[in-house]
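Step one of this worksheet: look at the structure below.
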Amino acid sequence: MKIRTGFGYDVHRLEEGHDFWLGGIKVPHTKGAVGHSDADVLIHVICDALLGAANMRDIGFHFADTDPKFKGIDSKILLRDVIKLLTDKGWSIGNIDSTICLQQPKVNPHIPAMKNCLAEVMQIDEEDISIKATTTEKLGFVGTEEGVAAYAVVLIQKG
């Protein structure tokens, strides 16, 4: 059996007037993340970690932010496409461990819905997905509520 790990990191600016998509669900908030797609930072880091683990470059390589066909796209579609790329190469997901860095809104009440959504999209067990949340104690762009950041580590296996 071949085992690999991958790491993902992403940041998006927060602005009023945008929906806030996080982990595949719409989170109620006065601000939302800004990006070429729906700016779902959690899905983006999971995609990057999975692609990196499989040595398949990154999300920007596969879904360029200069391509109009990805403008406003639901990031769950991108994640489904990443899963297909991996399975076509014989990889399966062992587990995902992620952390969302956000001052407001509180993420913990939304984690069960995020896990459920992501498990359905990736066709894996919710027990194989860890989502944690932290603030930056009001420090930096996260602390001043100018942006959101996320990290993910994944384990994939083949054979």
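The values are calculated or read from the model by the stated rules, or taken from the named source; none is laboratory data. Just so it is clear, the structure is predicted and the values come from calculations on it, not from any experiment. Every residue, glycine among them, receives a Cβ derived from its backbone with ideal geometry; neighbour counts consider all protein chains shown. Remember, those area values only see protein heavy atoms, side chains included, never the ligands or the DNA or RNA. Shrake-Rupley method; radii C 1.70, N 1.55, O 1.52, S 1.80 Å.
Among the residues of the stretch 1-11, those identified as open to solvent by less than 80 Å² (accessible area, probe 1.4 Å) and either outside any strand (DSSP E or B) or within 23 Å of residue 112 (Cβ to Cβ) (or both) are 8, 10.
Just to check your reading of the model, which residue among 118, 155, 78, 86 is buried (at least 16 other Cβ atoms within 10 Å of the Cβ), in contact with a Cys (Cβ under 9 Å, 6 or more places away or on another chain) and not in a loop (DSSP other than H, G, I, E, B)? I'd like the intermediate steps shown before the answer.
On the way: 118 fails: in contact with a Cys (Cβ under 9 Å, 6 or more places away or on another chain); 155 fails: in contact with a Cys (Cβ under 9 Å, 6 or more places away or on another chain); 86 fails: in contact with a Cys (Cβ under 9 Å, 6 or more places away or on another chain).
Result of the check over 118, 155, 78, 86: 78.
If I filter the stretch 35-49 down to residues being open to solvent by 10 Å² or more (accessible area, probe 1.4 Å) and without any contact (Cβ under 8 Å) to a residue 40 or more places away in the chain, which single residue comes out as nearest to residue 128 (Cα to Cα)?
Kept after step one, since they are open to solvent by 10 Å² or more (accessible area, probe 1.4 Å), are these residues of the stretch 35-49: 35-38, 44, 48.
Restricting the remaining residues to those that are without any contact (Cβ under 8 Å) to a residue 40 or more places away in the chain gives 35-36, 38.
Values: 35: 28, 36: 29, 38: 25 Å.
Only one residue fits best here, namely 38.
One residue alone among 158, 132, 115, 106 is closer than 24 Å to residue 35 by Cβ, basic (Lys, Arg) and in contact (Cβ under 8 Å) with a residue 40 or more places away in the chain, and that residue is 115.
Considering only the stretch 89-115, state which residues are under 13 Å from residue 50 (Cα atoms) and assigned to a strand (DSSP E or B). Once the filter is applied, which keeps residues that are under 13 Å from residue 50 (Cα atoms) and assigned to a strand (DSSP E or B), the stretch 89-115 yields 91, 92, 93, 94, 95, 96, 97, 98.
Can you find a residue that is of a type in the set (Val, Ile, Thr), within 19 Å of residue 84 (Cβ to Cβ) and not in a loop (DSSP other than H, G, I, E, B) anywhere in the stretch 131-152? No, the conditions are met nowhere in the stretch 131-152. None of 52, 60 is at pLDDT 95 or above and either in a strand (DSSP E or B) or open to solvent by 10 Å² or more (accessible area, probe 1.4 Å) (or both) except 52.
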